[in-house]
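A short reminder: the numbers here are calculations on the coordinates, not readings from a lab. This one's a predicted model, so the numbers in the text were calculated from it and none came from an experiment. Ideal geometry is used to build each Cβ from the backbone, glycine not excepted, and the neighbour counts take in all protein chains shown.
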Amino acid sequence: MIPQTYIEELLSSVDIASIISQEISLVRVNANYYGHCPFHGKHHPEERPVSERTFTVSPAKRFFHCFTCGAHGSALGFLMKHKGLSFPDAVAVAAKAAGMRPPPDWAGPSRAAKIDFDSVAETLEIALQYYERALRVAKPAIDLLKAAGISGLTAKRYRIGYAPKNWDNLAPLFKNEYAARCSVAGLLVVKDDGVTTYDRLRDRIIFPTLNGRDQVVGLAGLAVSGQAPEYLRTTRSFDVRRKKTAVPMVTLRLEDKGSMFGLRQANTSMHAKKFVVLVQDCMDVLLLHESDFHNVVAPAEAGRLKTENISRRTPVIVCCFPGTRRGLHHAWLTMQAALPALTDEVQVRFVVLPEEMSPRDVLQQPDGKELFSLFLNSAVPLSEFFLQRLASRADFRLVEGRAKVLSEADDLLALLMAPNLKSQLEEAVRELVDDRLELLDSVDEHDQWLANAIQTASVELLIVSPWITSAGIGRFDLCSLIAKAVARGVSVDIYTDPEFNIQCNRREAFGKPINTRAEYALKSAGARIHQVTRIHSKIVAIDRATLCIGSFNWLSAAKAGHYQRHEVSLIYRQGNIGARIAKLQATMATRCVRNTAR
C-alpha cells in the first residue's frame, strides 16, 4: 500500500491545473481555470462554443468539477479517468510532475523492474525519434502514405516514422551499447552464431505504441517493398510475478499489456463520444482519422484486446473487422481475449464488414463516411456475435454438431467473470441449440405466411427478392396488405436487383429505373423500393424477431405453367435474428444502386 501521508503530500504539492492543461485547453478566470469537459458531449471539445465551458479546475481546493455531467475528482482521479491509468501509475505520473521521489515502502513492481522497464522505454523512444527523422527524407514511404490518403499532419500527430533499408541503422545511436540495449528492447535480431546481429525493422513504416504514461512500449513496422510478414512488431512489456518467499521475478515477453496504437490521440474523442472503435491494422487508424473518426485505435498485437485499459476511459468498445477469413479469425480471437476482463458495466460490440471490405474500401465508397457510421451504429453486442459465430462452427442438424457447440460454449463461458452476462449467455446457448425451425414447402404456404407476416408486423418489414413481376404480386391482395401496414406505421422496404429485373423484362439498360407495373403498384401502396446489385437470396424479416430464408421468390413465383415447382423456406424465430437482420441491412446499403421513395 502507498502510505496515505504520501498521497496527501502529493496532492498538496502537485499543480492540478498543470496536469489537466496538458490534456485539454484551460482559460484562467480569477483564481480558477475553465475549459471544455472531456468526459461528456457529442462533439470534439475544441469544436464547442466558449459558452459550453462548464468544466472548472480549482488549484486552491485541488479538484476539478463539471457542472454538466458531474465529473469530479483530484489530479490522481483525472489521470485515472482520462488517461486510463492504474492508481500506482497515476501516482508515478503526478510524483514526477511535482518533483517528488517515489513513495517509500511501495508494494508495487520492484525498483529493478521499474528501472529495466524505463530503460527499455527509453531505448524505444530514441529509436522512434530516429525513425521520425528518417521519414522526412524517405520518398517511397512518403509516397505510400500519400497514396493511402495519409497527410503529413496526421503522420506527425501519430509519430509515424520510417526504418531505412540498412542492416544497422541504430548502431550509431547507441554505439557500444547497441547490441545490449537493442536486443533487450526487441529491436535487434541475433543470428544462430550468437555474434552476428542486425536491425529487426528495415524498410518499414513505423507505428509506435505508447502506454498511459506516454512511454513508447512497442513499434510496429509495415513493409514498404512487399516484404513478408506485412507487419513486424517489437512490442515488449514486463510480467511481474511474485512467489511467496522469493524476490519478484521480472521477465520480458513479446506481448502487449493493453497498449493500443492511437490511444493517446483518440483519448479526447472517445471520452466525448463515449465509445472507442478498435480496428485491425494501424493504417486503418490513420485512414479513419483523415475521415474525422478520431476515436479509433488498433491493438499492439493482432487479436489481442485488454479491455481494462480502455474501459477506464469509455464503457463501450466497438470492434470492427473486415469480412475476410483473416478478419473473422481476429474477431474471434478478440472476442475470446475480451471475455476474462469483461464486466456487466463494459460493453463490447462487433462489426464485421460485408463482401470482404476493409475500412479503407468502405471510405472509398460514395458517402463512405456516412456508410462507415452506419456500420458502427449497427454493431452487434458481444453476446450476439458470440452466438452468431458459435452457430457457424457446427452443423445443427446433427446431434454431434449441437454437442460440439455446447462443449465449445462451456469452455468459452468458463472464461467469463461477469455473473449476469454469463448466466444470460448460458441460457441463450441452450436456446440456440434447442431451436426448431419451421418449414414452408409450397407456393400456397409461402403466400399465406407472407400475408400473415404483413398483417402482424408492428415496426418494420423487409422483403428481399431478386426480381418483381406483376404475376408475383397479383397472386393475392399483397399491395392492399402493404398499404394497411404502412397506414398503421410499419416501415416496408423491398430490395430487388435491377439486373435480374432487366433480364426478365428485357427493357432498360443496367442500372436505369425499371418502371414496371409491379414496382409502381408497390410504391403506390407505400413500400420503399431499393435497387441493389447482386441479390441471390430470398428473405423476409419482421420486426427484428422473425427471419425467413429460402428458395421461394416472394414477388415473382407463379402457381401455374412452367413456374410451378416445389419451393422450400425456413423460418427462424430464435437465436441471433436481430444481428442477422442488421447485417443484412448494412450489406444492402453497400450494394445500393438507387432508392425509390414512397
Response to the item:
A correct fewest-to-most ranking of 447, 367 by other Cβ atoms within 10 Å would be 367, 447
Practice prompt. Would you mind getting me the FRET efficiency between residue 592 and residue 157? Use the beta-carbon distance for r and R0 = 35 Å, nearest 0.05.
Written response: 0.55
Worksheet item: Each residue of the range 316-327 in order: what ³J(HN,Hα) in whole Hz does its phi give by Karplus 6.51 cos²θ - 1.76 cosθ + 1.60, θ = phi - 60°, with x for Gly and Pro?
Response: 10, 10, 9, 9, 10, 10, x, x, 9, 4, 5, x
Practice prompt. Order the peptides 150-156, 313-319 from the highest to the lowest mean number of other Cβ atoms within 10 Å of their residues.
Written response: 313-319, 150-156
Fill in: Listed peptides 330-342, 480-492, 273-285, 403-415 by packing density, highest first (mean Cβ within 10 Å)
273-285, 330-342, 480-492, 403-415
Worksheet item: Nearest 0.05, what FRET efficiency do residue 369 and residue 528 give at R0 = 25 Å with Cβ-Cβ as r?
Response: 0.60
Worksheet item: Long-range amide H contacts for residue 438: which residues qualify at under 5 Å (H placed 1.01 Å from N, peptide plane, sequence gap of 5 or more or a different chain)?
Response: 571
Worksheet item: In which sequence would 495, 572 go, from the one with the fewest C-beta neighbours within 10 Å to the one with the most?
Response: 572, 495
Worksheet entry | Estimated inter-spin distance, residue 484 and residue 86, nm [label 7 Å along Cα→Cβ] | 6.5 nm
Worksheet item: Between residue 476 and residue 333, what is the FRET efficiency for a Förster distance of 45 Å, r being their Cβ-Cβ separation, to the nearest 0.05?
Response: 0.35
Worksheet entry | Rough spin-label spacing in nm, given labels placed 7 Å along Cα→Cβ, for residue 119 and residue 23 | 3.2 nm
Worksheet item: By how many nm would the segment from residue 175 to residue 196 grow when fully extended, if each residue of separation counts as 0.36 nm and the alpha-carbon distance is taken off?
Response: 6.0 nm
Worksheet item: Which ³J(HN,Hα) values, rounded to whole Hz and listed in residue order, are derived for the range 336-351 from phi using the Karplus coefficients 6.51, -1.76 and 1.60 in 6.51 cos²θ - 1.76 cosθ + 1.60 with θ = phi - 60°, glycine and proline given as x?
Response: 5, 5, 6, 4, x, 9, 6, 10, 5, 8, 9, 9, 10, 10, 10, 10
Response to the item:
chymotrypsin sites (Phe, Trp or Tyr not before Pro) in the range 117-224 lying in a DSSP loop, each with at most 16 other Cβ atoms within 10 Å of its Cβ, come to 167
Worksheet item: Length gain on complete extension for the stretch residue 225 to residue 274, per 0.36 nm per residue less the alpha carbon to alpha carbon distance?
Response: 13.8 nm
Worksheet, complete the sentence: Taking 500, 476 and counting other beta carbon atoms within 10 angstrom, the fewest-first order is 476, 500
Worksheet, complete the sentence: In order over the range 377-387: 3J(HN,Hα) from phi, Karplus 6.51/-1.76/1.60, θ = phi - 60°, whole Hz, x for each Gly or Pro, gives 5, 9, 4, 9, x, 3, 4, 6, 4, 4, 5
Fill in: Inter-probe distance in nm under a simple model that places probes 7 Å from Cα toward Cβ, at residue 9 and residue 129
3.2 nm
